[in-house]
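In what follows, a structure is listed as structure tokens, so that the remarks can point back to it.
The values are calculated or read from the model by the stated rules, or taken from the named source; none is laboratory data. Source: prediction; values computed, not measured. Neighbour counts run over all protein chains shown; Cβ positions are idealised from the backbone, glycine included. SASA here: full protein model, heavy atoms, side chains in, ligands and nucleic acids out. Shrake-Rupley method; radii C 1.70, N 1.55, O 1.52, S 1.80 Å.
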Amino acid sequence: MNGGGGSAQVDERPVSKAYLVAAGDFAGTVHSVFPTACNLAVGDLLITVQDAVKRHTPTSVRVSVDGPGGWAPSVRVGDRAVQRAGVLSFGRHALHVGRVPVWAPRPAAHWAPARSSTRHRLAQLAAVRADHLRAGAPTTVPELERDARALAALLPGTRPGPGAAGRASDAPVLEPAVARLIGAGPGLTPSGDDVLVGLLAALSRGGLGCPWATAAFDHVGEIVSRHAHRTTDISAHYLRLAARGHVGELLTDLVDSLVTGIPAEALLDRVSDVLSVGASSGADALLGVLAGLDAVLELPLQPQTDEKVA
Amino acid sequence: MTAQRHHVYPNLYKDSVALMAISAALTNVAGIEAASVVMATDSNRENLRNAGLADDGAARPNDLLVAVRGDEAACEQALELADRLLAEQPSAAGSSGVLQEQPPTSVHTAVTRDPSVSLALVSVPGPYAAAEALKALALGLDVMLFSDNVPVEHEVEIKRYAAAHKRLVMGPDCGTALVNGIPLGFANAVRRGRIGVVGASGTGMQEITCRVHQHGEGVSQALGTGGHDLSADVGDISTLHALQLLDEDEATDVVVLVSKPRRPRSPRPSWTGSAGSPRPWSSSSSAPTPRSPPAVASIPRRRSPTRLTSPSACSAARRRGPARAPCPRPSRLACATRRPG
């Protein structure tokens with residue numbers, strides 16, 4: 001089992017928490033332990049307590065320590081985790097999280113740049129990702145890109161309907177394409193799952209005002225939620241969050257950057273941040289974002305947005 | 001004879017980087033044809049079967065599945081290796097056992113090793129700082145002069161040399177800067193954006209960058225100049241150069257200049273912008289006026305300032321404070337912190 005039994009760092013202090021971390025009292029158990037992070041199972045969520053170096057997930061708490069090495073959890077899998085009166089306690093840690101700043105994503109924005117320039121940007125980012133993989137980053141399963149693009153190609157066929165999840169007739173087409181990705185590939189969060197999280201981020205934050213994109217998001221999200229049990233607990237947690245429109249800080253920033261059109265250099269910085277996540281998780285999520293936004297650009301937009309992107 | 005072996009580790013979580021490293025280690029065992037270390041999801045188990053690797057019908061998605069194919073002895077050896085590697089305590093440093101190269105002990109050595117280095121951070125006792133700074137400038141580098149107690153005549157000499165060679169000197173006694181997203185000295189974790197800051201006051205610069213962040217904007221660059229730069233002796237050399245760099249920076253739309261109060265009869269710096277015609281800009285004194293907002297002015301810009309970034313500096317910065325700036329794109333920085341000798 002994972003875990004360490006050393007003493008907690010006395011100078012540790014929480015610096016921020018994410019918006020889905022409950023403010024009230026709760027109890028759970030330590031689910032998993034890593035060198036600079038651990039997951040606490042609380043209800044149907046995993047709260048990730050992590051070194052402040054890492055950016056927020058929707059359910060994370062960032063902890064800083066003075067000196068080298070970063071924050072390291074001193075806890076064992078199965079230990080009890082409790083939050084009472086603003087103090088989150090687990091293992092040897094007692095973090096005063098009651099009054100720390102809360103990270104929450106801004107509301108999604110409407111498309112600002114022209115479609116042609118966004119397509120150009122997406123192509124540039126695909127090239128950056130390819131360079132990253134060529135430069136020695138671990139490659140994912142060979143079929144991943146093919147499967148991701150195949151799924152994205154189906155999305156423009158999803159039509160908004162009277163229900164939230166689009167037409168029922170879309171289900172047989174999309175379901176196998178989504179299911180094929182779930183749990184597929186290497187990593188603690190398998191590559192296919194990371195792709196889906198990126199794709200859902202693109203659809204949820206990149207399709208504001210577009211009923212077709214909303215329908216595609218609802219539809220893919222519903223399928224993802226139904227199949228999430230087929231992957232690891234940790235990956236399923238992120239998939240379920242993404243299916244409800246909750247993604248981490250890095251993906252939020254990246255999609256918003258493309259939607260609002262920030263300078264190229266700043267955009268590349270954000271891509272670089274995403275690519276640095278995990279062994280291949282960042283590159284896989286980026287693939288999902290690019291495939292998802294490519295699909296969104298093929299969808300008809302609402303009149304007020306259409307004027308801006310035409 | 002080719003054999004297939006596997007081992008299941010129930011409910012074992014290792015981060016992706018560790019899994020990749022273990023998978024690569026197993027593949028490198030002599031006699032191993034294929035190896036895989038994956039979470040035992042349905043998809044991965046199917047892929048293992050398709051790849052001619054062993055599967056385990058009892059494995060569940062939260063289990064770690066190690067599968068190898070090769071000669072009998074190699075398979076045993078690889079599974080033992082996997083056992084050993086997976087049992088190792090997690091290490092935040094991710095030690096690879098590779099011998100480390102001796103760090104450079106002079107700016108010259110650093111530049112020789114990596115010619116793309118473009119900035120030197122000098123932190124030596126004040127009386128010796130000018131010598132190190134001039135060496136760095138002579139090598140074509142910009143300089144952040146962390147050292148304090150630098151005689152003013154030294155400062156003037158350094159900055160006149162830098163101006164003549166179109167190089168930037170931040171300091172002396174420059175304790176904070178943000179260059180291409182890299183925090184230098186003590187800096188706050190603020191998002192990158194379109195607001196550039198030039199500061200002859202480190203505390204003021206930190207206050208402004210934090211306020212910019214809190215109000216939802218971001219900082220393109222924050223360039224320190226040293227507290228004496230606006231004095232009559234020094235003559236605003238670094239301030240004017242920093243303004244010029246921000247003027248030419250594509251990513252900067254707005255510039256903030258902050259300083260301690262100027263001496264009453266000290267003339268205001270004169271800066272006309274890139275087009276040669278006077279540009280509107282205004283300054284903010286950081287000390288005496290409570291709640292006075294930082295003054296800002298739109299300034300046109302043409303190109304990015306010098307590229308000064310470093311993965312190692314970023315890594316160091318990540319360890320420093322309660323929050324951090326995002327890691328920028330790779331480039332180079334040299335830190336010369338040795339004592340003269």
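Is it the case that the range B:118-127 has a residue that's open to solvent by 70 Å² or more (accessible area, probe 1.4 Å), out of contact with any helix residue (DSSP H, G or I) (no Cβ under 6 Å at 6 or more places or on another chain), at pLDDT 75 or above and part of a helix (DSSP H, G or I)?
yes
Filter the range A:32-47 down to the residues that are assigned to a loop (DSSP other than H, G, I, E, B) and among the small types (G, A, S) and list them by number.
A:G43 - this is the single residue of the range A:32-47 that is assigned to a loop (DSSP other than H, G, I, E, B) and among the small types (G, A, S).
State the number of residues belonging to the range A:234-244 that are out of contact with any Gly (no Cβ under 7 Å at 6 or more places or on another chain) and open to solvent by less than 30 Å² (accessible area, probe 1.4 Å).
Residues flagged as out of contact with any Gly (no Cβ under 7 Å at 6 or more places or on another chain) and open to solvent by less than 30 Å² (accessible area, probe 1.4 Å) within the range A:234-244 amount to 7.
Tell me which residues, restricted to the range B:246-258, are under 20 Å from A:E265 (Cβ atoms), of a type in the set (V, I, T) and not in a loop (DSSP other than H, G, I, E, B).
B:V254, B:V255, B:V256
Residue under question is B:L243, and the condition is that it be at pLDDT 90 or above, of a type in the set (A, V, I, L, M, F, W, C), assigned to a helix (DSSP H, G or I) and buried (at least 20 other Cβ atoms within 10 Å of the Cβ); does it hold?
Answer is yes for this residue.
Take A:R205 and tell me if it is open to solvent by 10 Å² or more (accessible area, probe 1.4 Å), touching a residue at least 12 places away in the same chain (Cβ under 8 Å), more than 14 Å from every other protein chain (Cβ to nearest Cβ) and touching a Gly at 6+ places or on another chain (Cβ under 9 Å).
So A:R205 fits the description; yes.
Which condition number in (1) modelled with pLDDT under 95; (2) away from chain B (no Cβ under 14 Å) is the one that A:G288 fails?
Every listed condition holds for A:G288 apart from (1).
Of the residues that sit in the range B:197-209 and are in contact with a helix residue (DSSP H, G or I) (Cβ under 9 Å, 6 or more places away or on another chain) and at pLDDT 90 or above, which one is nearest to the other protein chains (Cβ to nearest Cβ)?
Filtering the range B:197-209 for residues that are in contact with a helix residue (DSSP H, G or I) (Cβ under 9 Å, 6 or more places away or on another chain) and at pLDDT 90 or above, the one nearest to the other protein chains (Cβ to nearest Cβ) comes out as B:V197.
What are the residues in the range A:16-40 that are in contact with a His (Cβ under 6 Å, 6 or more places away or on another chain) and away from chain B (no Cβ under 12 Å), if any?
If the condition is that a residue be in contact with a His (Cβ under 6 Å, 6 or more places away or on another chain) and away from chain B (no Cβ under 12 Å), then A:A18 is the only one that fits.
Please specify each residue of the range A:208-233 satisfying the condition of being within 14 Å of chain B (Cβ to nearest Cβ), open to solvent by 10 Å² or more (accessible area, probe 1.4 Å) and under 16 Å from the mean Cα position of the chain (by Cα).
Passing the criteria: only A:D233.
Can you tell me which residue in the range A:169-202 is farthest from B:M39 (Cα to Cα), limited to those that are open to solvent by 20 Å² or more (accessible area, probe 1.4 Å) and at pLDDT below 90?
A:S169
What number of residues within the range B:133-146 are over 13 Å from B:G171 (Cα atoms) and in contact (Cβ under 8 Å) with a residue 60 or more places away in the chain?
2
Please give the strands (runs of 3 or more DSSP E) falling wholly within the range A:48-101 in which 2 or more residues are closer than 17 Å to A:A18 by Cα and within 11 Å of another protein chain (Cβ to nearest Cβ).
Filter on the range A:48-101 gives A:60-64.
Determine whether the range A:61-68 contains at least one residue that is under 13 Å from A:R13 (Cβ atoms), open to solvent by 20 Å² or more (accessible area, probe 1.4 Å) and under 23 Å from the mean Cα position of the chain (by Cα).
Scanning the range A:61-68, I find at least one residue that is under 13 Å from A:R13 (Cβ atoms), open to solvent by 20 Å² or more (accessible area, probe 1.4 Å) and under 23 Å from the mean Cα position of the chain (by Cα), so the answer is yes.
Looking at the range B:169-178, is at least one residue surrounded by fewer than 16 Cβ atoms within 10 Å (Cβ to Cβ) and out of contact with any Gly (no Cβ under 7 Å at 6 or more places or on another chain)?
The answer is no, given that none of the residues of the range B:169-178 is surrounded by fewer than 16 Cβ atoms within 10 Å (Cβ to Cβ) and out of contact with any Gly (no Cβ under 7 Å at 6 or more places or on another chain).
Pick from B:A21, B:A40: which is at the interface with chain A (Cβ under 10 Å from one of its Cβ atoms) and out of contact with any strand residue (DSSP E or B) (no Cβ under 7 Å at 6 or more places or on another chain)?
After ruling out the rest, the residue left standing is B:A21.
For the subset of the range A:87-128 comprising residues that are of a type in the set (F, W, Y) and modelled with pLDDT of 90 or more, which member is farthest from A:S272 (Cα to Cα)?
Among those residues, the one meeting the criterion is A:F90.
Mind checking whether some residue in the range A:265-285 is away from every other protein chain (no Cβ under 12 Å), open to solvent by less than 20 Å² (accessible area, probe 1.4 Å) and not hydrophobic (A, V, I, L, M, F, W, C)?
no
From the list B:V212, B:V255, which residue is open to solvent by less than 10 Å² (accessible area, probe 1.4 Å) and modelled with pLDDT of 60 or more?
The match here is B:V255.
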